[in-house]
Amino acid sequence: MAGDVVHVPHTATGLDNRKLGMWAFLGSECLFFGSLIATYLLYRGRSIQGPFPGDVYDIPYTSVSSFVLLMSSLTMVLALHAIQRGDHRRLRAWLLATALLGITFVGGQVFEFTVFVREGLTLSRNLFGSSFFVLTGFHGAHVTMGILMLLTLYGMSLTGRLPAERALRVELVGLYWHFVDIVWIVIFTVVYLIPT
Amino acid sequence: MAIAAVPRPSLFRRPRATTGLASWFTTVDHKRIGILYGVTAFIFFLLGGIEALLLRVQLAGPEGTFLDADTYNQVFTMHGLTMIFLVVMPLSSAFFNYLIPLQIGARDVAFPRLNAFSYWVFVLGGIFLYSSFFLGGAPNGGWFGYAPLSSAQPEVGLLPGTGMTFYALGLQILGVASLASAVNFIVTILNERAPGMSLMRVPVFTWMTLVVSFLLLFAMPVIAIALFELGFDRLFGTVFFSPDAGGDALLWQHLFWLFGHPEVYILILPAMGIVSEVLPAFSRKPLFGYAAVVFSGIAIGFMGWGVWAHHMFTTGLGPVANTAFALSTMFIAVPTGVKIFNWLGTMWGGSIRFATPMLFSIGFVAMFIIGGLSGVTHAIVPSDFQQQDTYYIVAHFHYVLFGGAIFGLFSGAYYWLPKVTGRMLDEGLGKIHFWLMLIGFNLTFLPMHWLGLQGMPRRYYTYPEEAGWGFWNFVETVGSFIIAASILVFMINLVWSLSRGREAGADPWDARTLEWSIPSPPPHYNFDEVPVVRHRDELWHRKYAEDERGRPVPVVAGAAEEEHAAEEGHHDIHMPDPSYFPFLAALGLPVIMYGLIYFWPASIVGALITMAGLFGWSLEPVAED
Amino acid sequence: MVILGLLLAACTGQLPYNSLDPAGPVARKQADLYWLVFWIAAGVFVLVEGLLVYAMIRFRRRSADDTPRQIHGNTRLEIMWTILPALLLAGVAVPTVGTIFDLATRPEGEVLEVNVTGNQWWWEVEYPDLGLITANEVHVPAGRPVAINLTSRDVIHSFSVPRLAGKQDLVPGRTNTIYMEAARPGTYLGLCKEYCGLSHANMRFRVIAQEPTEFDEWVEAQREEAAVPPSGSLEAEGLEYFSTGQCIGCHTVRGVETAVGRVGPDLTHLAARGTFAGAIFDLNEENLTRWLEDAPAVKPGAKMPSGLRDMGLTEDQIEAMVAYLLSLE
């Protein structure tokens, strides 16, 4: 396809170094989030005092913010597709959309957490508070780093530093972004949806 | 090109110097980074060794008063942390860094700046950890930091001082270095091999590096989470390990040992890789069963994930769990045994030359057999109920980590230092080092087996006269000073050889692998031309063919690349430019950690420094894109 | 080497913590299993190290152009030295697993229940069925199985009497159980075997196995309330200081109304114990005096405040209190 410049890597596996590196990193991130989720699951139902999950969760609200994050993966795919076709205006539009959806998600989380705190659930209140906030907090931090990377790509594209030959950078950020999204799906299911 | 048209701020212009002191801060050359790792790790080795001597002086007799309880507890904790995280792991890294590209026929690792970043994070992490001695006391909860002793907030007073906060944060910094390294070497080994070098032709040391890198990739995140939970308990009052809140003290142990057991294979596999290179070179025979050694290494990598609770046999897991882990632990001895037999098979029928590298590798095999056997006895759960937390365990892991890993690393040092420096080390001094170290080591650690069976517990700053442990403790202390003397001999040898050592040439040992096909020291671009590989032990096959009886016969025309080629016009090989940004990115990390302890706005500053480093790193020009 | 070491050590004196000198069925099973595996390991050691030494001698380079055959492995050997060790290990696994379950099974017969709670750095010992609490000493009737239920009030400790049974951990928030039995009367030394802070090395205890009748007498004596000193005596003066001072905030003396603290050991029958402070000091006037004067100075990190510095006691008061404590048989 015209403009579909693919950088042919000269590597023994055929995969670009950076792509292989990102996959390796995401592999380790599986263990990172896996350990946090394991801690949460171990402590489920073992808090001595409340608030307990049933007291604070607002499933409809969190469903909406989950949907927002899910949509951001779609816009991310569209962004990658755009740069691979050489359409830089759409690239920037979709990058910005992804970032904005991500910001909405994080904003929603921050709001959700302030509500929980007001209801008495703090980091140190009980096992639920400690394991919930640390798990979702690390996830939120990962989303935030993703947003920074997206905005950086946006800025690079704006200043002409992101030509189609560098589509790999968008693909790498996309890989990371989709991973963070998948982790959220797991967290949402395991932490919010599956009852104690 | 669109790239050149954009005005580039001078901030992003890459430094060009490759000589001078400043160039060491910006280097991305894997060989220089390897040297940095080696020198730094050796300094930490001396520090850890001094800590060991301090412990031994205190324990030389019953009811000693050389160190008080608090000091002793800090010293034994730091001794463990130093030797594991600041010595054996980075020394292995030194070898990975220097050798992997040379062994696979590459010009550098896949991510040279990430490589530099790993080193700087390591150094800064080590400095952060050691700064604790001056900032309220070093970590004093043991290298294993069991909760809730380690997780209680300092005000609660279960442990004096704030050292365990330095533990939680310092190990996090070091973990970042290891993780970055792991990604780097996985991609390098998988992607940067020379044409024709299939994975089954790669030297065993490179294979072990690959297995270790995968172990690091998956084990480091687990300890990271454990340390976050511990650190948050201490700093922010979370209750992960608080029994009053229902927290499970054993959760820490599970997380820690899920990391900790793969960690011990991370510590030993590189040395096993080294031994697998040295034994063939000095027996003039190939490694007996290459595939068996490689696959047993992979098997150990997998099986190592299934044995962790053998560190927890006495915590009350119940007979079913204990049985399962007893069995998995016993069976991990099988692939280990396969390696030992293959090493024996390598020497068998060979033509053995007892140069210093060979002595240390044979020492490795001999000591590792003992350490491995005592390890099997730990798997016998009822017997472990008597062994656990005694000096019997201390004996085991020093046999495998000192008699094993350290001896292996010294073997590698004597073998490869001529490649690095271009000078041979003195054989006479090397032999003195070896024998002193072997004798001192056994004198120190062999009696610990029966002291342990006689009930002497670990981590005791003193012991009563009535226990009857005084005599052997004294012997062990004498042994530890003999070890110290042997290290001095090595240091003298090293310094002497740098100026007076015989010139090494490209291939002083008549060895088998590609790193010996280039000059010593190698040019900065490693190979004049990327080699085409047709065999395992490619260099050997260029030098020798086999006659009908399988004996090597020199090939007339084949040889190492001509050394003078380095002086000819190979200046058109462009290597990655140096960079400031890995150092900058690394610098922010300890600042973040100090901020978390003392003054949180500093953490913001630290984060900004790291971000600036990362931004510069990703935006600065790269030669090829 | 182990035997040599033990012989040498035996020549130099007693080995009270020696796990290879079992004094009860649990320790004996553990020792027997160890010796079985040890001899097998020793055999493997001799074989493999012997091959190594032989190879070094037989195949050393004799001339500069020594060119050995380039062997590239032998599949049959690989299979053999994979399977044979596995079989050997499987053989060792059988008695191992048997003993694991054996030691985890509650013994037959009338099992004496003891609850031990670990504290930094002393052991609370309670006999729930007999209604008595003591510290740092576990009395058992010789020849009768004992179940010791272990937990901790603060950090992880570990209960270990090598000559009777191995160790089990005291984990806060859980209860673990260790079974043991002393074959003959005697005193068996124990110690903490899980790093628990500053005075981990100063957290010892004693298991005192007695003839059944003597054990019953001991139980009776322990169940009684504390001895009341004759009025006007030095001991009575000490009791006065004790029951109105800070001591009662941490210590229990049954019979003294105000003394119901459980932060420190129960002192009701302190003087019947031969040692104190985690069994690290002999119980005598001199040691008790130093302890009351400044406990943290003689036991690093001790939670008991210094009498002279922190509790404002005078030497005379201490002397009286020591006399009182020594009267608590």
Spin-label zone in segment C:95-129 - amide nitrogen under 20 Å from a point set 7 Å from the Cα of C:Asp216 along the C-beta vector:
C:109-114, C:127-129
Quick one: angle between helix A:17-43 and the longest Cα principal axis of chain A, in degrees between 0 and 90, rounded to 10, please.
10
Where Rh is the Kirkwood radius over Cα pairs, Rg/Rh for chain C
1.16
Gaussian network model of chain C, Cα within-10 Å springs - most flexible of C:Arg262, C:Arg206, C:Arg28
C:Arg262
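Please report Rg over Rh for segment B:151-201, where both radii come from the alpha carbon positions and Rh follows the Kirkwood definition.
Rg/Rh: 1.42.
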Mean shadow area of segment C:105-173 over all directions, Cα convex hull, nm²:
5.0
Output for chain B (equivalent-ellipsoid semi-axes, sqrt of 5λ from the C-alpha gyration tensor, Å, descending) is 39, 32, 22
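State the antiparallel share, in %, of DSSP beta bridges confined to the protein assembly as shown, rounding to the nearest 5.
So the antiparallel bridges in the protein assembly as shown amount to around 75 percent.
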Which number gives the lysine pairs in chain C that have C-alpha atoms under 22 Å apart and are eight or more places apart or on different chains?
5
Who wins for biggest fluctuation among C:Trp123, C:Trp39, C:Trp291 in a Gaussian network model of chain C, springs between alpha carbons below 10 Å?
C:Trp39
Post the alpha-carbon centroid distance, segment C:272-296 to segment C:201-225, in whole angstrom.
18
Kyte-Doolittle mean at least 1.0 and Cα extent at least 20 Å along the axis: which DSSP H helices of chain B qualify?
B:30-59, B:89-104, B:163-191, B:204-236, B:249-283, B:356-379, B:470-500, B:581-598, B:600-619
Other residues with Cβ under 13 Å from the Cβ of B:Pro195 give, with Lys and Arg +1 and Asp and Glu -1, a net charge of 0
Cα convex hull volume per residue for segment B:282-500 (Å³)
135
Find the centroid of the Cα atoms in segment B:575-625 and in segment B:406-430, then give the distance between the two in whole Å.
36
Suppose we take every Cα in segment C:234-326 and form the convex hull; what volume per residue is that in Å³?
85
Under the rule of -39500 (n - 2.57) per DSSP H run of 4 or more residues, summed and divided by the residues of chain A, what mean residue ellipticity at 222 nm is obtained, to the nearest 500 deg cm²/dmol?
-25500 deg cm²/dmol
Got the relative contact order for segment C:234-326 handy, in percent, Cα pairs under 8 Å and 6 or more residues apart?
33
Under the √(5λ) rule applied to the eigenvalues of the Cα gyration tensor, what semi-axes describe the equivalent ellipsoid of segment B:240-333? Give them in Å, descending.
37, 14, 8
What whole number of Å gives the distance from the Cα centroid of segment A:128-147 to the Cα centroid of segment B:364-389?
42
Number of partner chain Cβ atoms within 10 Å, mean per residue of C:95-107:
5
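Can you tell me which of A:32-38, C:297-303, B:326-332 comes out highest on packing, and rank the rest after it, using the mean Cβ neighbours within 10 Å?
B:326-332, A:32-38, C:297-303
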What percent of all Cα-Cα pairs in segment C:50-117 falls into each 5 Å bin, going from 0 up to the bin containing the maximum distance?
3, 10, 8, 11, 12, 9, 8, 7, 6, 6, 6, 5, 4, 3, 2, 0
Please work out the ratio of the alpha-carbon Rg of chain A to 2.2 N^0.38 Å and round it to two decimals.
1.17
Looking at segment B:349-398, which chymotrypsin sites (Phe, Trp or Tyr not before Pro) are DSSP coil and have at most 16 other C-beta atoms within 10 Å of their C-beta?
B:Phe354
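Helix-derived [θ] at 222 nm for chain B: sum -39500 (n - 2.57) over DSSP H runs of at least 4, divide by residue count, nearest 500?
The helix contribution divided over chain B gives -21000 deg cm²/dmol.
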Projected area averaged over all directions for the convex hull of the alpha carbon atoms of the protein assembly as shown, nm², comes out at 48.3
Over segment B:245-293, how many percent of alpha carbon pairs lie in each 10 Å bin up to the one with the longest distance?
22, 29, 20, 15, 10, 4, 0
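Quick note: the coordinates plus some simple rules give every number you see, no bench work behind them. The model shown is predicted, which means the values in this text are computed figures rather than measured ones. Backbone-built Cβ (ideal geometry, glycine too); neighbour counts: all protein chains shown.
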